[in-house]
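Accompanying notes for the structure given below.
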Amino acid sequence: MDGFATMAEFLQFAFSGLTVGAVYALVALGFTIIYNASDVVNFAQGEFVMLGGMVTVAVSAAGIPLPLAALFAVALAVGVGVALHRLAIEPAHGASPVVLIIITIGASIFIRGVAQIVFDRQFHKLPSFSGDAPFVLFGATILPQSLWVMGGAGAIVVVLHAFFERTILGKAVLAAAANRLAARLVGIDTRLIMTLSFGISAAIGAVAGILVTPITLTSYNVGTLLALKGFAGGMLGGMGNPLGAVLGGLLLGLVEAFGAGYLSSTYKDGIAFVMILVVLFVSPRGLLGRRSVERV
Amino acid sequence: MRGIFSKRRMTLLVLVALVAVLPLVFPSGYYYRVAALVWISALAAVGLNILMGYAGQVSLGHAGFFGVGAYAVAIGPARLGLASWICILLGAAASGGIAWLVGRPILRLKGHYLAIGTLGFGVLIALVLTSEAKWTGGPDGTSVARLAVANMRISGPTAWYWISGFVLVFGAWLALNLEDSPAGRALRALHDSEIAAALGGIDVARHKLWAFVLAAVYASIAGSELALFDGFITPDTAGFLHSIELVAMVVLGGMGSVLGSVVGAALLTTLPQLLTVFVEYEQALLGLIIMLAMIFLRLGIVPGVQRMLARSAS
Amino acid sequence: MSALAAENVAIAFGGIVAVDGVSFSVEPGNIFSIIGPNGAGKTTLFNIMSGIYRPGSGRILLAGEDVTGLEPHRLAAKGLARTFQNLQIFFRMSVVENVMVGRHLREARDLMKALFRFPSVGHQNRATREKARELLAFVGLADRADDAAGSLPYGGLRRLEIARALALEPRLLLLDEPAAGCNPVETEAVEGLVREIVRSGITVVLVEHDMRFVMRVSDRILVLDGGKKLAEGTADEVRRNPQVIAAYLGRYGSKEAARARS
Ligand SMILES: Nc1ncnc2c1ncn2[C@@H]1O[C@H](COP(=O)(O)OP(=O)(O)O)[C@@H](O)[C@H]1O
Ligand SMILES: [Mg+2]
């Protein structure tokens, strides 16, 4: 293979890695936001992605214009996220982390089960937002939709950053994440903050689902693997660190794309998990995890 | 607590009585099948309880070992010409060996990190079983030769009811013995405080590791039983969802309670059987059951009932 | 040879130097106390001595042997036991089982024999339980043996930790604020326990805030402040040390300083 083709191939893998990685990053970001606000590891995070895609597909199939359908899907996902917090997480207040994990896994099985009844078990596609004509960069072909995914993910990160740094509400969320008791003492409604976090995470997940569906298709059961990989991405970056989550997600997408391209596509889905195991074995709290010594 | 009616003996007595008496009330042969499935799941849950209930270490990938045991009795006889019962032992040895190898680094992890570590490990096993289609038959699964002892084929729900019932009682006996021994106390101690346990002279890493190995062996044998009983096996038995079901059995029945693990296994095995009338709704209902059980029966059924009985007694 | 010695021990947590070049040595059979204001580094020093933290620099010697960085369970095997300021009780177990755990190293621990319930396992359980009950009687918890550990009052939990540590049959016992949260009667009981423990030949290192208690029982006292050694000596020497008086005056006002002097 000549140098140019090698280079083109490399770029091709990099682009597809960044595209998938952007989705992982958004799922990981959603994980992190909920985790920071409530210490809950929300395994239903992938279901928000599924809902974003599936609801948009179903609603636009009914003749509603795509942007409206997408808006509706995000709103619905937010509703599900809020319901998840109020109906499943809050009543289990004080439960051990394992119990909370199982509750969210139960929720994800439930949401998937309902989706399977309401929709169907087929794969579905959305039209690309800006057509399907790929353009070529140094020999690598890039789908316009990939740019939508990466750009969308970037926009979400920027908006979130502004929200956390610039608005009172955002600062309240950060305060609650840093120290729940202290936040409550200064009058922050931590319950509201948690519900808000579930809502925001759901919205992020749904947007990711809408953006990526034109490329990867969607079906009622895409959520599980996404949740696992998003979790892996968040874990790689170090639980609770939003920037780490984004980087972890992107890294995971890249490693997966290169691994599948150069090593074995059969074990593409395994790469994520090999990577987490290796990282955790070397650094038991993730790459950017807060290092702390257990106190007695 | 002690004497003839120690918790250990009572639990064992209840289990033996259950296995012995249940068939008297079975209206049809179908119930042998369901009960055998319960005993098999219960064996895996009792093993996982050693790790989760005693030692407090969660494993979200435990079905991986179940899968290793299941595929051992599928592949060994068909491809290598080994006797099924030898493959049960080989599978258990392989599971124990794998657990021993990966256990030390994995069990250094704590909390959510342990959860994702074990989860990833389980997913990898399931992935190998799905991908190595040449050996495993791939995602569609593979058939399993029936168990034969001295040229007698052992199959059918009634035979498996008694085999799995006996193995469960034996496994429960071992777990109960462990609970009431220095090692068992060490495990339960490190559940509450690893530091205090370590300063009591307990080698925490080693004890966790052995709990992991034991739990893996239990799961593997349960997997072998299921494969031989069903005569067919798919990679789903090693999958994430199955791992979650196993964990839910332990938590639902009551962490640390052997009887609880059996009760949890019974509930989560029979409920889907009852719900098969609503095939469409099975997943949604399973998710709902898991959620509700964890929200409202968080302490676990058996400890909850025991507490109620103790209260009404005093 | 000293029972325990620290040589220039130091540790920092992300910039905060919690223990800063501390040296001391404890004679066998003594009660050696470490005092100092909150945050002085007393518990951190205990954590280093018991192998929970590895010091950034310096050495720990146990009966002359360098044990720096040894894992806690290995230190336990060498005869070191401790209690915790932040209680570390096995709350899922009964009171007597908590103490039975402390017998771990004194028990035969063959896993196979345990799994298959060799008769020796049952015998040993009975012996362990018997010994644990004796220790509970020693700390005054005999009648609570079969209760859930969580049902004990605070002072009871502190004594339970002492019983559990003694179950190890240690040569050296580290007590981190054994009378914290105790009323005067309970504190007196703890003091009596400490005296009896030393009488039985165990060396005791004590961290305690109750100055009268400390002054009465200690053979030697080490004063820590801000991670550094401020003074060391007998109760009288420490009481009269101007630096110690200044530190206590400066921080706590005259009342506590007067109490320390009385
Ligand atoms: N694991 C840890 N991580 C960070 N800081 C710690 C840790 N352990 C102790 N410290 C700090 O070290 C200092 C000494 O604490 P400590 O030894 O508990 O004091 P004392 O027991 O004398 O009251 C304090 O400033 C405390 O915050
Ligand atoms: Mg302290």
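I'm checking a number: the convex hull volume of the Cα atoms of the range B:167-314, normalised per residue, in Å³. What is it?
Value for the range B:167-314: 153 Å³ per residue.
Order the peptides B:97-109, C:71-83, C:233-245, A:125-137 from the highest to the lowest mean number of other Cβ atoms within 10 Å of their residues.
Highest to lowest by the protection proxy: C:71-83, B:97-109, C:233-245, A:125-137.
State which helices in chain A qualify, where a helix is a whole DSSP H run, it must extend 18 Å or more along its own axis by its Cα atoms, and its mean Kyte-Doolittle hydropathy must be at least 0.5.
A:3-38, A:45-61, A:66-83, A:97-118, A:144-166, A:190-216, A:223-237, A:242-258, A:268-282
Pairs of alpha-carbon atoms within less than 8 angstrom and 6+ residues apart define the contacts here; what relative contact order does the range C:92-250 have, in percent?
Averaging sequence separation for qualifying contacts and normalising by length gives 19 percent for the range C:92-250.
Once the Cβ-Cβ distance between A:Met7 and A:Glu165 is put in as r, and R0 is 30 Å, what FRET efficiency do you end up with, to the nearest 0.05?
In this case the efficiency is close to 0.15.
Given an 8 Å cut-off on Cα distances and at least 6 residues of separation, report the relative contact order of the range A:2-282 as a percent.
Once normalised by length, the contact order is 39 percent.
Using R₀ = 51 Å, calculate the FRET efficiency as 1/(1 + (r/R₀)^6) where r is the Cβ-Cβ separation of C:Glu196 and A:Val82; round to 0.05.
The formula returns an efficiency of 0.25 here.
Taking every residue in B:293-300, how many Cβ atoms of other protein chains lie within 10 Å of its Cβ, on average?
Per-residue shielding by partner chains comes out at 5.
How much area per residue is accessible in chain C when the probe is 1.4 Å and only protein heavy atoms are counted (Å²)?
On a per-residue basis, chain C sits at 42 Å².
Mind checking the full-extension length gain between C:Tyr154 and C:Lys78? Use 0.36 nm per residue of separation minus the Cα-Cα distance, one decimal, nm.
Taking 0.36 nm per residue and subtracting the Cα distance, the gain is 24.4 nm.
Using the basic label-point model (7 angstrom from Cα toward the beta carbon), what is the C:Phe91 to B:Arg311 distance in nanometres?
The two pseudo-label positions are separated by 1.8 nm.
Count charges around B:Leu187 for me, please; just the other residues with Cβ under 13 Å from its Cβ, Lys/Arg as +1, Asp/Glu as -1.
Net charge in that neighbourhood comes out at 0.
Taking all pairs of different Cα atoms in chain C, averaging 1/r and flipping that mean, what Kirkwood radius in angstroms comes out?
After inverting the pairwise mean of 1/r, the radius is 19.2 Å.
Taking 8 Å as the Cα distance limit and 6 or more residues as the minimum spacing, I'd like the relative contact order of the range B:2-241 as a percentage.
Relative contact order of the range B:2-241: 42 percent.
Counting only Cα, what are the radius of gyration and maximum Cα-Cα distance Dmax of the protein assembly as shown, in Å?
Using the Cα atoms of the protein assembly as shown, the pair Rg, Dmax is 30.1, 92 Å.
Would you be so kind as to identify all helices of chain C, as entire DSSP H runs, whose Cα atoms reach 18 Å or more along the helix's own axis and whose mean Kyte-Doolittle hydropathy is at least -1.0?
In chain C, the long hydrophobic H runs are C:119-139, C:154-167, C:184-199.
Taking each full run of DSSP H in chain B as one helix, which ones are at least 27 Å long along their axis (Cα atoms) and have mean Kyte-Doolittle hydropathy of at least 1.0?
B:30-49, B:84-107, B:111-131, B:157-179, B:204-230
Report the full-extension gain for the segment C:Glu134 to C:Ser57: residue separation times 0.36 nm, less the Cα-Cα distance, to one decimal in nm.
23.6 nm
How many angstrom lie between the C-alpha centres of the range A:125-147 and the range C:167-234?
That distance is 74 Å.
Send over the per residue convex hull volume for the range B:166-243, Cα only, as a whole number of Å³.
Convex hull of Cα atoms, per residue: 99 Å³.
Starting from the eigenvalues of the Cα gyration tensor, five times each then square-rooted, give me the equivalent ellipsoid semi-axes of chain A, largest first, whole Å.
Each semi-axis is √(5λ); the values are 31, 24, 18 Å.
With just the Cα atoms of the range C:87-168, tell me how far they stretch along each of the three principal axes, in Å, largest first.
38, 22, 19
Sort B:13-19, A:210-216, C:35-41 for me by packing, meaning the mean count of neighbouring Cβ atoms within 10 Å per residue, highest on top.
Peptide ranking by packing, descending: A:210-216, C:35-41, B:13-19.
At what distance in nm do the modelled label points of A:His93 and B:Phe296 sit from each other, each positioned 7 Å from its Cα along Cα→Cβ?
The two pseudo-label positions are separated by 1.9 nm.
When you look at the Cβ of every residue in B:127-137, what mean number of other chain Cβ atoms sits within 10 Å?
Per residue, the average neighbour count from other chains is 2.
Accessible area per residue of chain A at 1.4 Å probe, in Å²?
The answer is 42 Å² per residue.
Calculate, for B:Ala150 and B:Arg79, the FRET efficiency according to 1/(1 + (r/R0)^6) with r their C-beta to C-beta distance and R0 30 Å; round to the nearest 0.05.
0.85
Restricting attention to the alpha-carbon atoms of the range B:2-241, what are Rg (one decimal) and Dmax (integer), both in Å?
Rg then Dmax for the range B:2-241, in Å: 18.4, 56.
The values are calculated or read from the model by the stated rules, or taken from the named source; none is laboratory data. Given the structure is predicted, the values throughout are model-derived calculations rather than measurements. Cβ sites come from the backbone with ideal geometry, for glycine too, and all protein chains shown count toward neighbours. Heads up: the accessible areas ignore ligands, DNA and RNA and are worked out on the full protein's heavy atoms, side chains in. Shrake-Rupley method; radii C 1.70, N 1.55, O 1.52, S 1.80 Å.
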